[in-house]
Amino acid sequence: MNRLSIIYIIIGICLLFCGCKRKEKQPERTPLLVEVMVTDTVSGSMTRTYVGEVEEKLSVSLSFPVGGRVERVYVHEGDHVSAGQTLAVANSTNAQNAYNSAKASLQQAEDAYNRLKKVYEQGSLAEVKWVEMQATLEKARSMEQIARKQLEDCTLTAPISGVVSNCNAKVGGNMLPGEPAFTLLDMGSVSVTFSVPESEINSVGIGNEAYVCVPALNNRMLTGRITERSVSASRVAHSYQVKIAFPNPDKSLLPGMVCKVMLNQPDNQGFVIPAKCVQTRPEGLSVWVVENGRAQRRLITSTEFVANGVLVSSGLHPGDTIITSGLQKLYINAACRMKNEE
């Protein structure tokens, strides 16, 4: 029995050494090849970019209050006009005849008034007749003023100085009352209008500085401040209209020009990383980082999307190594070999 026990002990020791030897010979997994970036704090202002459009300060649609045939047109589309300048004249034959009739009636009423006034002062005219005469004179004056206004309305003048945008009045053509004959634009100053999503409107306030690039004018850069911000959103796009006013003394900024609007956001701080690095997990957003050569998952908080990727406000620290490529094969504590280390 003693000899048999010794044999079993020897066999057990041999098996133990063989097992340890096999464990030591197990090869480790090949480190995964990944691309990385090192985080750097982004401080100061971030820039948001929007697409804007130049609009005129004021647009006035002009029409003849009375209809008729257009006899003369003095301006054309694109002409600069001054306030009070005559733009077009409609046929005034009927208006002139109506005015002449009203004027004659007024003269007759004034003559009768002057004659009866002397009689009334002498006490020879009944009070009711005198009141009737006063009413007749007042009616004649009103009719004369109405007829004079209709005659003046046959001549269309510019209420403000500006540029003729549309010219629908043609010599010989008939214009209906109220039908637009001209559109006049005030180009002394313009505004750039752009839409801001509802998620960003709280960071846009009246007086905020903005920069505008106009590609149509050789990428001219303009600096201005926000002058208007709508309080109701578009029901379709859920965005708000914002305006920036600019002086336009040389009239080079034309309505309809497309431009790029840039707004600084001074309160944003954090780290900007590529959007492809961010993964969505049940517990929140996360990224993969390299710690001591091993892959680790890190939960983050993202403030917003920016031009270069995603702005991360918490979860990362300066100098962290973020994995940007090769995310599909990663797992916790996976050995990583960075591409620039090859």
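Treating cross-link reach as a plain straight distance, find the aspartates and glutamates whose alpha-carbon is under 14 Å from the alpha-carbon of residue 170, omitting any fewer than eight places away in the same chain.
71, 77, 179
Heavy-atom accessible area of residue 221 with all protein chains present, probe 1.4 Å, nearest 10 Å²?
Ignoring ligands and nucleic acids, residue 221 comes out at about 110 Å².
Compare the Cα positions of 91, 124, 63 along the charge dipole of the chain (+1 at Cβ of Lys, Arg; -1 at Cβ of Asp, Glu; about the Cα centre) and return the one farthest towards the positive end.
Toward the positive end, the furthest listed residue is 63.
With a 1.4 Å probe and all protein chains kept in place, how do 297, 225 rank by accessible area, largest first?
Working: 297 75, 225 130 Å².
Final ranking, largest accessible area leading: 225, 297.
Mean residue ellipticity at 222 nm from the helices of the chain, using -39,500 (n - 2.57) per DSSP H segment of n ≥ 4 over the full residue count, to the nearest 500 deg cm²/dmol? Display every interim value, and only then the final one.
Numbers: 3 runs with 78 residues, N = 342.
Computed mean residue ellipticity for the chain: -8000 deg cm²/dmol.
Starting from the exponent 0.38 and prefactor 2.2 Å, build the expected Rg for segment 36-106 from its residue count and divide its actual Cα Rg by it. Let's see the in-between values first.
On the way: Rg = 28.3 Å, N = 71, 2.2 N^0.38 = 11.1 Å.
Its radius of gyration relative to the 2.2 N^0.38 Å reference: 2.55.
Which helices, taking whole DSSP H runs in the chain, have alpha carbons extending 27 angstrom or more along the helix axis plus mean Kyte-Doolittle at least 0.0?
Details: long enough: 2-24 (33 Å, 0.96); 93-121 (42 Å, -1.20); 127-152 (38 Å, -0.82).
Helices meeting the criterion: 2-24.
Can you give the accessible area of residue 76, probe radius 1.4 Å, in Å² rounded to 10?
Here the accessible area works out near 120 Å².
Among all lysine pairs in segment 189-342 that are eight or more places apart or on different chains, how many have alpha carbons less than 27 angstrom apart?
7
Which order do 206, 273 take by accessible area at a 1.4 Å probe, largest first?
206, 273
Mind jotting down the distance between the C-alpha centroids of segment 69-95 and segment 119-174, whole Å?
Going from one Cα centre to the other spans 21 Å.
What lysines does residue 139 reach when the alpha-carbon gap must be under 28 Å and sequence neighbours fewer than 8 apart in one chain are set aside?
103, 117, 118, 129, 149
What shape does segment 199-262 have by the C-alpha gyration tensor, where a ≥ b ≥ c are the square roots of the eigenvalues, rounded means a/c under 1.5, and otherwise prolate means a/b greater than b/c and oblate the rest? Let's see the in-between values first.
Values: a/c = 2.13, a/b = 1.74, b/c = 1.22.
In terms of gyration-tensor shape, prolate.
How much of the accessible area of segment 146-198, in percent, comes from carbon and sulfur atoms when a 1.4 Å probe is used? Before the final figure, lay out the partial values.
Working: 1260 of 2340 Å².
Ligands and nucleic acids excluded, carbon and sulfur reach 54 percent.
Cα convex hull of segment 166-280: how many Å³ per residue? Don't jump to the answer; show the numbers that get you there.
On the way: hull volume 24.4 nm³, N = 115.
Taking the convex hull of the Cα positions in segment 166-280, it is 213 Å³ per residue.
Let's see if you can work this out: charge +1 on each Lys and Arg Cβ, -1 on each Asp and Glu Cβ, no other charges. What is the dipole magnitude of the chain about its Cα centre, in debye to the nearest 20?
In debye, rounded to 20, the chain gives about 1660.
Quick one: compute a quarter of the convex hull surface over the Cα atoms of the chain and quote it in nm².
Values: hull surface 149.0 nm².
Seen from a random direction, the Cα hull of the chain projects 37.3 nm² on average.
Order the peptides 153-165, 94-106, 323-335 from the highest to the lowest mean number of other Cβ atoms within 10 Å of their residues. Could the numbers behind the result be given before it?
Details: 153-165: 17.5, 94-106: 15.8, 323-335: 14.1.
Averaged packing, sorted descending, gives the order 153-165, 94-106, 323-335.
For the chain, report the accessible area per residue in Å² (1.4 Å probe, heavy atoms, rounded to an integer).
Numbers: 21220 Å² over 342 residues.
That works out to 62 Å² per residue.
The values are calculated or read from the model by the stated rules, or taken from the named source; none is laboratory data. This one's a predicted model, so the numbers in the text were calculated from it and none came from an experiment. Glycine also receives a Cβ, built like all others from the backbone with ideal geometry; neighbour counts cover every protein chain displayed. The area values use the complete protein model at the heavy-atom level, side chains included, leaving out ligands, DNA and RNA. Shrake-Rupley method; radii C 1.70, N 1.55, O 1.52, S 1.80 Å.
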